[in-house]
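Colleague: Structure incoming, see below.
The values are calculated or read from the model by the stated rules, or taken from the named source; none is laboratory data. Source: prediction; values computed, not measured. Cβ placement follows ideal geometry from the backbone for every residue including glycine, while neighbour counts extend to all protein chains displayed.
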Amino acid sequence: MRDLTTNFGQNAGKIWLSLNNIGPQSQSSLIKNTKLSLPDFYAGLGWLARENKIYKEGKYYKLGDTNLTDIIGEDAGKVWRLLETQGDTNISLIVKTARIKIQDAYSALGWLAREDKIKTNIENNQIKFLLK
């Protein structure tokens, strides 16, 4: 099985292509057009934010210099510190311990995946995230 973080980059590519081909879109339109699940959408969003390629204006996402660094970057810092101290951690524990919403956790993981700082491990049929 390919590492889940590799998929985050592929999901970011789907979002980018949709925005490039169609133009500004709402979250629901992007999810429909890319056929991504919510976690996959948010992980791809975090990846693109780290690449400084996506911004949000009202309810629409557009290509361009990001305005999401403060939000996603801060959450990525929380998740990174958590993984540094806890080690292998599942998404539920990340949400609970970092005190962030699940979609924000996936965006933060997408950001960290783009920085090549995390990897995944499957343990007892559960996906765990850990630092490289």
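Colleague: Take Ala43 and tell me if it is touching a Phe, Trp or Tyr at 6+ places or on another chain (Cβ under 6 Å), assigned by TED's automatic domain parsing to the domain that holds Gln126 and at pLDDT 95 or above.
Modeller: No; evaluated as a whole, the condition is false for this residue.
Colleague: Could I ask something else about it? Look through region 16-48, keep the residues that are crowded, with 16+ Cβ neighbours inside 10 Å and aliphatic (A, V, I, L, M), and return whichever of them is nearest to the chain's Cα centre (by Cα).
Modeller: Across region 16-48, the extreme among qualifying residues is Ala43.
Colleague: A further question on this structure: When residues of region 87-116 are filtered for being part of a helix (DSSP H, G or I), more than 22 Å from Gly9 (Cβ to Cβ) and of a type outside the set (S, T, N, Q), how many remain?
Modeller: 4
Colleague: May I ask you to say which residue of Glu123, Glu84, Glu51 is surrounded by fewer than 17 Cβ atoms within 10 Å (Cβ to Cβ), within 13 Å of Ala12 (Cβ to Cβ) and among the acidic types (Asp, Glu)?
Modeller: Glu51
Colleague: Somewhere in region 69-86, is a residue on the phi < 0 side of the Ramachandran plot and assigned to a loop (DSSP other than H, G, I, E, B)?
Modeller: For region 69-86, residues on the phi < 0 side of the Ramachandran plot and assigned to a loop (DSSP other than H, G, I, E, B): absent.
Colleague: So, Trp111, is that one in contact with a Lys or Arg (Cβ under 7 Å, 6 or more places away or on another chain) and assigned by TED's automatic domain parsing to the domain that holds Ile22 or not?
Modeller: When the stated conditions are applied, Trp111 does not pass them.
Colleague: Can you confirm whether region 23-33 contains a residue that is part of a loop (DSSP other than H, G, I, E, B), closer than 22 Å to Thr5 by Cα and not assigned by TED's automatic domain parsing to the domain that holds Ile127?
Modeller: no
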